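See structure below.
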Ligand SMILES: Cc1ncc(COP(=O)(O)O)c(C=O)c1O
């Protein structure tokens with residue numbers, strides 16, 4: 001892929017923040033874009049100044065949500081170079097989402113090379129502060145302009161990047177979770193396993209309701225029996241039994257196949273835990289937390305890596321997990337994974353891709 005690099009006007013250049021990053025509050029000076037048409041394939045690849053997109057009001061993705069995205073991070077190593085964590089998994093998931101949403105797919109190698117080139121050019125936006133990182137958001141929009149309900153022929157693919165602070169800015173604190181059996185996020189046969197905007201729109205109302213009840217995240221149950229645990233907020237979920245057995249729900253079509261989930265399974269086994277993908281019945285789970293058989297509950301995802309759960313609410317009941325503290329398994333997995341991501345520990349799994357420097361990506 002030939003990528004045209006368009007300079008940013010000197011008076012438009014912004015300098016990256018060095019503290020108080022928050023989550024995606026400001027974006028780097030440039031973004032990657034390319035367009036698709038059936039008779040041309042992907043064309044007009046550019047790294048151009050970050051700025052508003054011009055979209056016709058009848059653009060298909062604005063009406064029928066034919067869009068997908070990804071979420072991944074770049075990490076600054078101690079030697080100054082920049083790591084990506086299992087980027088091939090995100091590239092593959094992007095295309096899986098594209099296929100499910102009847103969209104054009106991208107060349108995975110070229111997509112990764114474009115991301116590397118963008119980050120290499122905007123390297124000053126990758127923070128060096130402890131536990132800060134650069135969030136990468138590849139996105140694809142259906143761009144046909146018609147109100148007919150059918151798959152678009154034309155697409156816009158773009159990548160924007162933004163520095164983000166540590167998820168746990170005040171220590172590794174457990175989150176509170178409300179289990180809803182009233183609302184569902186996704187259903188088997190639907191689009192739950194695709195990273196598409198509608199899944200997130202569908203989660204917002206229940207998220208607000210949970211917040212009103214004093215919880216920060218929603219735990220979703222399966223849409224059919226409303227009994228089996230699926231995900232928590234925008235994370236996969238794991239339960240630790242007796243400190244040594246980690247259980248996570250199997251990928252059943254409505255759960256997003258998380259890269260962190262996959263890494264927890266592989267790293268957990270490597271560390272000697274028994275790791276099982278099995279259905280978790282919400283009623284049994286609540287009893288197992290109460291009896292102390294479940295010793296820890298944690299969410300896992302790119303943003304937090306590991307998010308311990310300290311409180312679970314279900315209907316009118318509330319129970320405390322691990323005395324409301326982050327447990328040892330959560331701690332161990334968090335530090336092991338982040339050490340690999342930042343290059344502080346060896347990577348026996350081949351998960352790290354270090355970005356080639358000086359525009360050579
Ligand atoms: C719904 C949902 N589940 C799980 C995850 C975790 O996936 P990953 O570990 O790839 O970030 C995410 C975040 O991307 C998500 O949005």
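Key figures for this structure:
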read-out: Single unsatisfied condition, residue 135 versus (1) within 13 Å of the ligand (Cβ to nearest atom); (2) more than 20 Å from residue 300 (Cα to Cα); (3) surrounded by fewer than 22 Cβ atoms within 10 Å (Cβ to Cβ); (4) outside the structural domain of residue 310 (by TED's automatic domain parsing); value: (2)
read-out: Selection within region 262-298 - away from the ligand (no atom under 16 Å from the Cβ) and assigned to a strand (DSSP E or B); value: 274, 276, 281, 294, 295, 296
read-out: Members of region 341-361 that are modelled with pLDDT under 95 and either at positive phi or crowded, with 17+ Cβ neighbours inside 10 Å (or both); value: 358, 359, 361
read-out: Residue 247 vs. criteria free of Cβ contacts under 8 Å to residues at least 60 places away in the same chain and either within 29 Å of residue 96 (Cα to Cα) or in a helix (DSSP H, G or I) (or both); value: yes
read-out: Subset of region 299-319 [near the ligand (Cβ under 10 Å from one of its atoms), closer than 15 Å to residue 176 by Cβ and assigned to a strand (DSSP E or B)]; value: 299
read-out: Answer residue from region 69-91, given it is in a strand (DSSP E or B) and within 12 Å of the ligand (Cβ to nearest atom) and is nearest to residue 129 (Cα to Cα) among those; value: 73
read-out: Residue within region 222-233 that is assigned by TED's automatic domain parsing to the domain that holds residue 324 and modelled with pLDDT under 95 present; value: yes
read-out: Selection within region 163-204 - without any contact (Cβ under 8 Å) to a residue 60 or more places away in the chain and within 20 Å of the chain's Cα centre (by Cα); value: 166, 169, 184, 199, 200, 202, 203, 204
read-out: Residue satisfying all of: in region 247-261; more than 16 Å from residue 305 (Cα to Cα) and within 15 Å of the ligand (Cβ to nearest atom); modelled with the lowest pLDDT among these; value: 252
read-out: Residue in region 100-123 that is within 16 Å of the ligand (Cβ to nearest atom), assigned to a helix (DSSP H, G or I) and either more than 19 Å from residue 44 (Cα to Cα) or out of contact with any helix residue (DSSP H, G or I) (no Cβ under 8 Å at 6 or more places or on another chain) (or both) present; value: yes
read-out: Single residue of 119, 160, 115 found to be surrounded by fewer than 20 Cβ atoms within 10 Å (Cβ to Cβ), within 23 Å of the chain's Cα centre (by Cα) and either closer than 17 Å to residue 84 by Cβ or not assigned by TED's automatic domain parsing to the domain that holds residue 73 (or both); value: 160
read-out: Any hit, region 18-39, residues being modelled with pLDDT of 95 or more and exposed (fewer than 13 other Cβ atoms within 10 Å of the Cβ); value: yes
read-out: Cross-chain or 6+ apart pairs with Cβ under 6 Å, region 320-347 first and under 18 Å from residue 285 (Cβ atoms), then in a loop (DSSP other than H, G, I, E, B); value: none
read-out: Residue within region 218-228 that is surrounded by fewer than 22 Cβ atoms within 10 Å (Cβ to Cβ), under 20 Å from the mean Cα position of the chain (by Cα) and within 16 Å of the ligand (Cβ to nearest atom) present; value: no
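The values are calculated or read from the model by the stated rules, or taken from the named source; none is laboratory data. Keep in mind that this is a model prediction, so the values were computed, not measured. Positions of Cβ are backbone-derived with ideal geometry, glycine not excepted, and every protein chain shown enters the neighbour counts.
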